[in-house]
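Visitor: My questions all concern the structure below.
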Amino acid sequence: MSADTRPARSRRGFGRGAPDDGPRASFRQLLPFLFEHRTVLVVVAVLSVLGAVTTLAQPLLVGQVIEAVQAEQTLGLLVWAIVALVVVSSIISGYQHYLLQRTGTAVVYSSRRRLISRILHLPISEFDSRRTGDLVSRVGTDTTLLYAVLTQGLADAVGNALIFLGAIIAMALIDPLLLGAIVIVLGVSILGVVTLSGRIRKATAEQQVKVGELASGVERAVGSIRTVRAAGAGEREETALNRVARDAYGVGVRIAKVSALVVPIAGIALQVSLLAVLGLGGYRVADGAIGVADLVTFVMFLFLLVGPLGSFFGAITSVNQALGALGRIQEVLDLPTETDDDARIAATVVAEPASDREPAAVEFREVRFGYPEGVVAARRKAENEALAVLESAHVDTSTVALPDASDAVGAADAPAGAERATDVLRGVSFRVPRGSRVALVGPSGAGKSTTLSLIERFYDPTGGAILLDGHDVRTLDRDELRSRLGYVEQDAPTLAGTIGENLRLASPQATDEECERVLRAVNLGDVLDRSPEGLEAAVGESGVMLSGGERQRLAIARALLAAPPILLLDESTSSLDGLNEQRMREAIDAVAAGRTLIVIAHRLSTVVDSDLIVVMERGRVVGAGTHSELVQTTPLYRDLAKHQLLV
């Protein structure tokens, strides 16, 4: 496509195009996190009441002390009573603080537990359309803001409300006129704080979105650091990440500015109130309307009044920040898991008619499938980011061939089962007899890897049916289905940890002897021998301490150790040299005896002896048979074989 005819593409680079405001949660959505710890919160509320009583009693006793001194009476137990109240109040406050800190930590823990559970059970399509770093940010950063809800004034609201109400009543009994002046000042300050709180919530939600983008960008750059450095793209990646960090900083500064206004409002309210009390109160004392003891008591109640008010201001700020973060948390918690609709899907599956033929291990019947629109949109976004990087390196992007997802819009509106322009599989049918070896071959983009993903039920077909031992896979429990399958991805990841932990991912009960045996079977004995730690040897982040071929063999060893009835291997020998490939084939031959094997391969030499070879092109099956049959009947296969010198 020429530069003047190719469709317009977004020029936004990495980190651009994010929404200015993230999802917001309501206070009602926060309550379940608090109610999990309602017993502790009740104890905190009781302590708050006791603390409020001891606090409210102190000004009254101080007033009595002043009156006793003025009357030249003995103080008796009044001083000791004040000391006792101060000590008891301090003990209650300290224990209450401990409970709140512990409960706040527990709320963060429970929210993280919920998020982790939900994330690990989301449909695969969600991972295709979301960035890993953003999900990690929600677990780590967003949940931390929930801590402030309990530790900055919300949970002890009962005690503060009692102190506030008690102080108001006491001040009204002492001098209603002075109280009226205080109410006017405090009313104006409360109105100002409430007005600012909405801006804090919006800015916090935006900041959390930016932090999620930053985490995604760092995860992306660090995860491909070797490629980035080899391409000389370090400075460009740094610039992109700095831009996102700068955006997050800017939002943080806005939050700081708005939050900073809350503190002066509270301070001004206290100072104006105190000046009003001293000025007007001094006049009232001189006029004989109230006594000095009453004025001192009133001032003490004023300070008690401002304390809960300050907590109220802090609670508004912290709750609004928490609700901004909770919106992002709730967005993930509200996503359906991959099994939520299984019962409904299974109920819609039409039972297959009885057949005289023995059920195949795996059978595809007119299967159609297209990736969800969200996945296509995510791929388009990745394409735009890739183009932005290329353009920053002054590469002519008009010559870059990238998949165009522009026709994805409206694809979801196609009738159920109808073929869509974005379908990856278009009426695929083939049978895999039990105990046979079947190979899927064809050019890149033919739909081979998607075929294995559908067998694993990472996705469900949009039309047709996939049968496992005669049963539609949509009627089977996913865990049961996957326990019968061993799947090695095209770029199978190696988990950070040890060799043994990677091997036992699907076989946690495997013994050391079994692990060592399968490792030597795939020619990984030298990996064991080169470290005295053996199976406990670390493989590094993403298996960086292993070569590409070793990582691939480790993934195959993991599948062979589980020894399921059906093995799915996607380009499992593509990174191996000739010697290791031969040994790998021998190991697979040994473990595949009596098992069903479905293999995707680009090197036909690895599958020419398969019982059945299925040739795919553009989402369709264009031929099926043995090597010799396909060379005669299928032009595409014959061309592939010629290019690889097999005919």
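The values are calculated or read from the model by the stated rules, or taken from the named source; none is laboratory data. Predicted, not measured: the structure shown is a model, and the values here were computed from it. Cβ: placed from backbone, ideal geometry, glycine included. Neighbour counts: every protein chain shown.
Visitor: Pull up the range 469-491, narrow it to residues that are hydrophobic (A, V, I, L, M, F, W, C) and out of contact with any strand residue (DSSP E or B) (no Cβ under 6 Å at 6 or more places or on another chain), then point me to the one that is nearest to VAL608 (Cα to Cα). Steps first, answer last, please.
Guide: Initial filter on the range 469-491 (hydrophobic (A, V, I, L, M, F, W, C)): 473, 476, 481, 485, 488.
From what is left, the residues that are out of contact with any strand residue (DSSP E or B) (no Cβ under 6 Å at 6 or more places or on another chain) are 476, 481.
Values: LEU476: 33, LEU481: 29 Å.
Ranking the candidates gives LEU481 first.
Visitor: Just wondering, is there one or more residues in the range 492-514 that are modelled with pLDDT under 90 and closer than 25 Å to GLY623 by Cα?
Guide: The answer is no; no qualifying residue exists.
Visitor: In this structure, is ARG243 modelled with pLDDT under 70, charged (D, E, K, R) and either within 30 Å of VAL139 (Cα to Cα) or assigned to a helix (DSSP H, G or I) (or both)?
Guide: Values: modelled with pLDDT under 70: no; charged (D, E, K, R): yes; either within 30 Å of VAL139 (Cα to Cα) or assigned to a helix (DSSP H, G or I) (or both): yes.
Here the answer is no, as ARG243 does not meet what is asked.
Visitor: A further question on this structure: Please go through the range 623-639 and pick out each residue that is touching a residue at least 60 places away in the same chain (Cβ under 8 Å) and either within 19 Å of ARG437 (Cα to Cα) or outside the structural domain of SER444 (by TED's automatic domain parsing) (or both).
Guide: Scanning the range 623-639 gives ALA624, TYR637.
Visitor: For the range 300-339, which residues satisfy the criterion of being in a helix (DSSP H, G or I), at pLDDT 80 or above and β-branched (Val, Ile, Thr)?
Guide: Correct list: ILE329, VAL332.
Visitor: Report the residue count in the range 454-484 for those that are farther than 18 Å from GLU366 by Cβ, of a type outside the set (D, E, K, R) and crowded, with 17+ Cβ neighbours inside 10 Å.
Guide: Of the residues in that region, 3 qualify.
Visitor: Just to be sure I understand, how many residues within the range 453-487 are of a type outside the set (S, T, N, Q) and either on the phi > 0 side of the Ramachandran plot or touching a Phe, Trp or Tyr at 6+ places or on another chain (Cβ under 7 Å) (or both)? Write out each step before concluding.
Guide: The initial filter retains those residues of the range 453-487 that are of a type outside the set (S, T, N, Q), namely 454-461, 463-474, 476-482, 484-487.
Remaining after also requiring either on the phi > 0 side of the Ramachandran plot or touching a Phe, Trp or Tyr at 6+ places or on another chain (Cβ under 7 Å) (or both): 454, 456-457, 459, 461, 464, 466, 469-470.
Total satisfying the criteria: 9.
Visitor: Let me ask you something else. Which ones in the range 129-139 are in contact with a Lys or Arg (Cβ under 8 Å, 6 or more places away or on another chain), in a helix (DSSP H, G or I) and in contact (Cβ under 8 Å) with a residue 40 or more places away in the chain? Spell out the reasoning first.
Guide: Within the range 129-139, the subset in contact with a Lys or Arg (Cβ under 8 Å, 6 or more places away or on another chain) is 131, 133, 138-139.
Pick out the ones that are also in a helix (DSSP H, G or I) and you get 133, 138-139.
Result: GLY133, ARG138.
Visitor: Okay, next question. Could you say which residue among MET616, MET545 is at pLDDT 80 or above and surrounded by fewer than 18 Cβ atoms within 10 Å (Cβ to Cβ)?
Guide: Numbers: MET616 fails: surrounded by fewer than 18 Cβ atoms within 10 Å (Cβ to Cβ).
After applying the criteria, what remains is MET545.
Visitor: When only residues in the range 618-647 that are among the β-branched types (Val, Ile, Thr) and in a loop (DSSP other than H, G, I, E, B) count, which is farthest from VAL367 (Cα to Cα)?
Guide: To start, the set of residues in the range 618-647 that are among the β-branched types (Val, Ile, Thr) comprises 621-622, 626, 631, 633-634, 647.
From the residues that got through so far, the ones that are in a loop (DSSP other than H, G, I, E, B) too are 626, 634, 647.
Numbers: THR626: 22, THR634: 21, VAL647: 32 Å.
Applying the filter and picking the extreme gives VAL647.
Visitor: So which residues in the range 483-513 are under 14 Å from LEU569 (Cα atoms) and without any contact (Cβ under 8 Å) to a residue 40 or more places away in the chain?
Guide: ASP491
Visitor: Okay, moving on. If I filter the range 522-534 for residues that are modelled with pLDDT of 85 or more, exposed (fewer than 14 other Cβ atoms within 10 Å of the Cβ) and assigned to a helix (DSSP H, G or I), do I get at least one hit?
Guide: No, the conditions are met nowhere in the range 522-534.
Quick grid of which residues meet (1) among the β-branched types (Val, Ile, Thr); (2) over 30 Å from GLU235 (Cβ atoms); (3) modelled with pLDDT under 70:
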{"residue": "VAL188", "(1), (2), (3)": "yes, yes, no"}
{"residue": "ARG201", "(1), (2), (3)": "no, yes, yes"}
{"residue": "GLN207", "(1), (2), (3)": "no, no, no"}
{"residue": "GLY212", "(1), (2), (3)": "no, no, no"}
{"residue": "VAL218", "(1), (2), (3)": "yes, no, no"}
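Visitor: Let me ask something additional. I'm trying to understand the selection: among the residues of the range 472-514, which are in a loop (DSSP other than H, G, I, E, B) and either of a type in the set (Lys, Arg) or under 12 Å from LEU561 (Cβ atoms) (or both)? Please lay out each step first, then the result.
Guide: Filtering the range 472-514 down to residues in a loop (DSSP other than H, G, I, E, B) leaves 476-477, 484, 489-497, 504-511.
Matches in the range 472-514: ARG484, ARG504, LEU505, ALA506, SER507, PRO508, GLN509, ALA510, THR511.
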